[in-house]
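*Asks:* What follows is a structure written as structure tokens; I'll ask about it next.
Just so you know, all these numbers are worked out from the coordinates, no wet-lab data involved. On a predicted model such as this, the values are computed, not experimentally measured, just so you know. Cβ placement follows ideal geometry from the backbone for every residue including glycine, while neighbour counts extend to all protein chains displayed.
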Amino acid sequence: MTNSCFRAALCLTVSASAFASAAHAQDSDAASADDIIVTAQRENATGVDHAGNAGVLGNKPAEDLPFAIKSYNGALILNQQPQTLGQVLDNDPSVRTSYGFGNAAEQFVIRGFALFGDDVGFDGLYGITPRQLIAPELYESVQVLNGSSAFLNGAAPSGSGIGGSVNLVPKRAGNKPLTRLTANYTSSAHVGGSFDVARRFGANSEWGVRVNGAARRGDVGIDDEFRSAYLLGGAIDYNSGPLRLALDLAYQKVRVNQIRPKLTLPAAIASIPAVPGASINYGQPYYFTELRDIYGQFRAEYDLSDNAMIYAAFGARDGSEDGYYSTLSLLNATTGAASVSGSRIPRTDNNEALQTGIRVRLAEGGMTHEFNVGGSMNWLVNRNAFEFYAVSSVNNNIYNPIEVPKPATITVRGGNMADPFPISRIRLMSAFASDTIGLWDDRILLTGGLRIQQIVAKGYSNVTRLQTSEYRKDAITPVVGLVIKPVDGVSLYANRIEALVQGAAAPATSGGLNIVNAGEILPPYKSTQYEVGGKLTLDMVTANFSFFTTDRATAIAVPLPAPPANAGRFAASGLQRNRGIELSIQAEPVNGLRIITGASVIDARLRRQTNGLNEGKQVAGVPDYLINGNVEWDLPFVPALTLTGRVVHTGKQPANAANTLWLPSWTRFDLGARYVTLVGDNPLTFRFGVDNVADKRYWASAFDSSRPDLLQGAPRTFKLSASIDL
């Protein structure tokens, strides 16, 4: 059915192109037609804004912030046709994407630290976005803040985000009316379409409404891997006088069948296995994950005066997921033999988030102050049950995959699979205050602030339903930031900021030692970041350059003097130190030639380890360096045509903690083109793209939070789409 859909879509595209050419010749005045095409071409330009939401500091231009921030715009999402958030973040030279939880859940590696999908923000609120996979079509922009942000955003609910945060900005009605219809195709048989409608109403256009949605389904480039997504988003906003209101609602349902899993390496392996064919799928037909989320927020702002504003936001999410997941464990690196086990973990989540505050700006005696005072709360309830199955009696092979009998022998079971019980309840509370002092006409900006945070987590047995644990700890996370703008277009900055992660419970044994404080719950772990950098903001170029170092506290077993023998205390005495350099540039050196590029160099090392094990080793899964480059060229001799290209390069990375296994560096090339024509006076944009043009086979990542796993890169993928603005 999908092949016939594609043929029909292709015929429709060709017919539309022919009709558009005829309409253009018969009905359009040449000059006005050229203007419409050029305008549409410019509005479709892929871009990165060096500005965004800096948490409690609000929306700021990059040159006023002592942090590195950038926003990938809606045109980039429309043009590159990504199906997941990770495919948007492929453009970032400080981010790479891996999988987590043994399924299709994307996790992101920023500055060498994990960011779980659970900890992606929705317009500044945590716990509201879908947990595992996020379809990007519902968002106006994707913002990336490099670095720790416990003061700016509060502690992330799942304890990640030490190296950076991602914030999704929902679509709202702009100043211009919008009616856009899009049809798209992704190889090998993935077909879909979307709509996007926005209008403003009222005597002064104070009311705005925007509704958009998408549906797509079919096989993707990996053999027999099926994906579907059904999305619907809506926004109503009001902006009149001192009052601004907004309501954003969204629905997402995603399913993945026969996902190609990560490959788990045995501890004793001596070499990395050769990479299988780019499109080979060693997943099983019974693997699946199905995700459904309903989420949204209500936001209000009121100007008390020209210099004072109060604001509040409340968000909520109801999510459910189910799936049959697998651990594919390598048995022989030469032959590719691998064992297959399985698990099923139904889960539901009910989360709420609240944020409120006041922002006041004062000026006196040649000095300005911007005060921010407020608080936030998050409530998260996780209901889940699980069944883990014994390893199948038949082995698979990553080079010549076969269908392995579905593991059915249950080794561990917990909870009611049909009606999961709440096994954790988490409450995060915080109060914050900051002052940004401006001197020399705000060419010197000094920010200082404190956030007092409390983490309360209760755990329950999904067998007895009785409470089994409680975590209640407080912490203070400060921030100091400095911006100096010596000349127009140049700003220098520095910051000291922290990240905050819930402390673990001490186990009975660790690192070969018997733990004397088993069961003790450790205080929250703090990570401390120092960063200095510079920003350039000119008409034709914006750039950010930074040096950073982040010390992340880790829990380890600290040996104690005998007696007793082999005794240790579990404490947050270990250290992971990540140091690096980052550069990002967006430029248009001549009209119509747009360049988005950047690079990062990372040195991530283990320090203060138990008995010196792996002391000084590089952190597994963190590449030495990353390079990205995007180019768009509006051809001057074919005014309606834009050529595009992208290169993604990742340096070598250790695949295990001992650094005895390494993944080689890899490079991926993407090419594409856009063409704008007219149907009457309506611009019609055709897009064609090829990701991984050379169909290169490569191990993309060895990053995992708990074990050495390999994630294979995607094969050559063709993308086609056509959008008409009515």
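*Asks:* Over all directions, the average projected area of the alpha-carbon convex hull for the range 478-553 comes to how many nm²?
*Replies:* Dividing the Cα hull surface by four gives the mean projection, 7.3 nm².
*Asks:* Something else: Need one number: the % of Cα-Cα pairs in the range 28-80 sitting beyond the 12 Å mark.
*Replies:* Here the tail beyond 12 Å accounts for 69 percent of pairs.
*Asks:* Where a ≥ b ≥ c are the square roots of the eigenvalues of the C-alpha gyration tensor, would you call the range 104-249 rounded, which needs a/c under 1.5, or, failing that, prolate if a/b is larger than b/c, or oblate?
*Replies:* In terms of gyration-tensor shape, oblate.
*Asks:* Restricting to lysines 8 or more places apart or on different chains, can you count the pairs in the range 430-557 with Cα atoms under 25 Å from each other?
*Replies:* Counting lysine pairs in the range 430-557 gives 4.
*Asks:* Pull out the extension gain between VAL601 and SER573, defined as 0.36 nm times the separation in residues minus the alpha carbon to alpha carbon distance; nm, one decimal.
*Replies:* Taking 0.36 nm per residue and subtracting the Cα distance, the gain is 7.4 nm.
*Asks:* If you split all Cα-Cα distances of the range 99-157 into 10 Å bins from zero, what percentages do you get per bin, shortest first?
*Replies:* 20, 57, 23, 0
*Asks:* List the extent of the Cα atoms of the range 582-726 along each of their three principal axes, largest first, rounded to whole Å.
*Replies:* Taking the Cα atoms of the range 582-726, the three principal extents are 74, 30, 27 Å.
*Asks:* Over the chain, calculate the relative contact order: mean separation of alpha carbon pairs under 8 Å at least 6 apart, over the residue count, as a percent.
*Replies:* 12
*Asks:* Within the range 624-641, which residues have the backbone N less than 15 Å from the label spot 7 Å out from VAL693 along Cα→beta-carbon, could you tell me?
*Replies:* The answer is 629-633.
*Asks:* Could you work out the pair-distance distribution P(r) of the range 444-520 from its alpha-carbon pairs, with 10 angstrom bin width and percents rounded to whole numbers?
*Replies:* P(r) over the range 444-520, rounded to whole percents: 14, 25, 25, 16, 12, 7, 1.
*Asks:* Ok, one more. Could you tell me, in Å, what Rg and Dmax come out for the Cα atoms of the range 518-673?
*Replies:* So, for the range 518-673, Rg and Dmax equal 22.6, 83 Å respectively.
*Asks:* Shifting gears a bit: Based on the Cβ-Cβ distance of LEU354 and LYS60, what FRET efficiency does E = 1/(1 + (r/R0)^6) give at R0 = 22 Å, to the nearest 0.05?
*Replies:* Calculated value: 0.45.
*Asks:* Using helices alone, I'd like the mean residue ellipticity at 222 nm for the chain: each DSSP H run of four-plus residues gives -39500 (n - 2.57), total over residue count, nearest 500.
*Replies:* -2500 deg cm²/dmol
*Asks:* More than 12 Å apart: what percent of Cα pairs in the range 569-628 qualify?
*Replies:* 73
*Asks:* So, one more: For the chain, just list the percent of Cα-Cα distances falling in each 20 Å bin from zero outward, please.
*Replies:* Percent of Cα pairs in each bin: 16, 51, 29, 3, 0.
*Asks:* Return the tail of the calculated pair distribution for the range 222-373, meaning the percent of Cα-Cα pairs more than 24 Å apart.
*Replies:* For the range 222-373, the share of Cα pairs beyond 24 Å comes to 60 percent.
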